[in-house]
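The structure under discussion appears below in the form of structure tokens.
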Amino acid sequence: MNITGLETLVFGVANLAEARQYMIDYGLEPSATHPARLEALDGTGVEFYAQDDASLPPAPKGCQMRLAVMGVADEATLNAIAEELGKDRPVVRVDGPNGGRVQSVDDAGFAIAFQVSRRQPLHLLGEVSNAPGSPIQRVPNQLGVVKGRGRIQPRGLSHLVYFVPDLAKAERFYVERLGFRVTDRFEGVGPFMQPAGALDHHSHFLIGAPAFMQGVEHFTFHFGGPTEVIQNGNRFIEAGYQAFWGPGRHIFGSNWFWYFNSPLGCHVEMDADMDLHDNSWTPRSCPISADASQAFLLRRRDAWMPGPGTPHEGDYA
């Protein structure tokens with residue numbers, strides 16, 4: 001199945017204004033054509049509706065995310081998915097102004113949908129760095145940091161993490177029915193999975209959990225590099241939001257990360273610089289631990305400047 005990745009996450013929330021403002025402060029922009037939608041630079045995004053909106057599919061109890069929409073390469077893939085899932089579960093064809101969707105449910109009970117990809121190509125450089133001995137990446141007089149830089153916008157929807165009560169069943173569905181590949185695995189926790197039409201280390205990560213925890217742990221969008229993650233994360237905190245974990249850099253996937261609490265019933269991450277893998281990659285597997293999860297973890301603090309008579313920076317711990 002030529003699935004290209006996540007394109008839209010749909011939520012049913014108690015406070016529409018709060019949810020929208022959170023993701024606008026995160027960096028998304030209101031869609032010019034869809035009043036419920038907020039978008040990244042490539043057009044992927046989130047949609048917010050009232051939690052009692054009858055048009056939304058059901059979700060596990062307490063989960064505010066009601067639908068995960070994935071892109072596919074073409075109509076042939078869309079039809080193949082409809083045929084495959086239609087063998088043992090209801091499949092609904094949903095028409096829309098930008099083309100139709102195939103909508104169903106996965107084996108963990110989460111509503112899923114597929115559409116011919118509407119992700120817009122981006123022609124933007126990511127963050128680069130110069131290192132002795134390496135060909136020049138940032139040319140003379142091209143600044144690495146620009147004072148007073150304006151709004152930082154995420155580039156595209158990255159990945160989604162589910163808590164699932166039957167881990168083996170959930171993994172089999174994505175691998176055997178939808179053609180996902182396992183790229184790495186935390187033993188006893190769950191797999192990182194990549195759809196066949198993408199190179200990102202993962203679009204989905206499954207975590208085995210008791211049934212009462214079933215839901216979404218976090219989702220994230222890609223940013224242009226670690227500087228954007230850290231600058232935007234600092235602005236997010238200054239706007240009054242609470243950090244949960246980070247900033248740091250993961251080992252599986254290598255992506256920079258910073259996680260935040262949210263009003264969406266899950267954490268929301270900012271990430272950058274994820275590994276890419278093709279079919280020649282051999283998945284890794286290891287027990288989960290702090291050392292296996294992150295290469296390093298940083299501690300955020302307010303801006304500080306040394307000067308005469310001031311304590312050493314370490315005295316501010």
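The values are calculated or read from the model by the stated rules, or taken from the named source; none is laboratory data. If you're wondering where the values come from, they're calculated on a predicted model, not measured in any experiment. Ideal geometry is used to build each Cβ from the backbone, glycine not excepted, and the neighbour counts take in all protein chains shown.
Reported count of residues in segment 21-55, each being more than 16 Å from Q153 (Cβ to Cβ), among the acidic types (D, E) and in a strand (DSSP E or B), is 1. Say whether the condition of being in contact with a Phe, Trp or Tyr (Cβ under 9 Å, 6 or more places away or on another chain), loosely packed, with under 11 Cβ neighbours inside 10 Å, at pLDDT below 95 and not polar (S, T, N, Q) is met by at least one residue in segment 282-301. Yes: segment 282-301 contains one or more residues that are in contact with a Phe, Trp or Tyr (Cβ under 9 Å, 6 or more places away or on another chain), loosely packed, with under 11 Cβ neighbours inside 10 Å, at pLDDT below 95 and not polar (S, T, N, Q).
From the list E75, E39, the one residue that fits, being closer than 30 Å to H123 by Cβ and modelled with pLDDT under 95, is E75. With respect to Q103, determine if the residue is farther than 21 Å from C63 by Cα, in contact (Cβ under 8 Å) with a residue 24 or more places away in the chain and surrounded by 20 or more Cβ atoms within 10 Å (Cβ to Cβ). So Q103 fails the test.
Kindly evaluate L85 against the criterion of being within 20 Å of the chain's Cα centre (by Cα) and modelled with pLDDT of 95 or more. So L85 fails the test. Listed by first and then second residue, the pairs linking a residue in segment 53-67 that is within 18 Å of P263 (Cβ to Cβ) to a residue that is hydroxyl-bearing (S, T, Y), with Cβ atoms under 9 Å apart and 6 or more places separating them unless they lie on different chains, are L56/Y49; R66/Y49.
Against the list (1) touching a residue at least 12 places away in the same chain (Cβ under 8 Å); (2) farther than 30 Å from K61 by Cα; (3) in a loop (DSSP other than H, G, I, E, B), the condition G109 fails is (2). Look at segment 196-223: where a residue is without any contact (Cβ under 8 Å) to a residue 12 or more places away in the chain and buried (at least 20 other Cβ atoms within 10 Å of the Cβ), no partner that is in a loop (DSSP other than H, G, I, E, B) and small (G, A, S) sits 6+ places away or on another chain with Cβ atoms under 7 Å. Residues that are within 30 Å of A59 (Cα to Cα) and in a strand (DSSP E or B) within segment 257-286 comprise F257, W258, Y259, F260, H267, V268, E269, M270, D271, A272, listed in sequence order. Of the residues in segment 68-82, none is over 20 Å from the mean Cα position of the chain (by Cα), free of Cβ contacts under 8 Å to residues at least 40 places away in the same chain, within 30 Å of R235 (Cβ to Cβ) and surrounded by fewer than 20 Cβ atoms within 10 Å (Cβ to Cβ).
Rundown of residues vs (1) of a type in the set (G, A, S); (2) within 30 Å of M213 (Cα to Cα); (3) surrounded by 14 or more Cβ atoms within 10 Å (Cβ to Cβ), yes/no style:
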| residue | (1), (2), (3) |
| --- | --- |
| A14 | yes, yes, no |
| Y22 | no, yes, yes |
| E29 | no, no, yes |
| L38 | no, yes, yes |
| E47 | no, yes, yes |
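Only one of the numbered conditions (1) touching a residue at least 12 places away in the same chain (Cβ under 8 Å); (2) surrounded by fewer than 19 Cβ atoms within 10 Å (Cβ to Cβ); (3) in a strand (DSSP E or B); (4) not small (G, A, S) is violated by V10, and that is (2). Considering only residues in segment 233-270 that are touching a residue at least 60 places away in the same chain (Cβ under 8 Å) and more than 16 Å from the chain's Cα centre (by Cα), the one that is surrounded by the most Cβ atoms within 10 Å (Cβ to Cβ) turns out to be F236. Of a type in the set (D, E), touching a residue at least 60 places away in the same chain (Cβ under 8 Å) and part of a helix (DSSP H, G or I): is that true of E18 in this structure? The answer is yes for E18.
Tell me whether segment 48-55 contains one or more residues that are farther than 30 Å from F236 by Cα, in contact with a strand residue (DSSP E or B) (Cβ under 9 Å, 6 or more places away or on another chain) and modelled with pLDDT under 95. The answer is yes; a qualifying residue exists.
Only a single item in (1) among the charged types (D, E, K, R); (2) surrounded by fewer than 17 Cβ atoms within 10 Å (Cβ to Cβ); (3) modelled with pLDDT of 95 or more is not met by D273, and it is number (2).
When residues in segment 135-158 are screened for being farther than 19 Å from D42 by Cβ and of a type in the set (S, T, N, Q), 3 of them pass.
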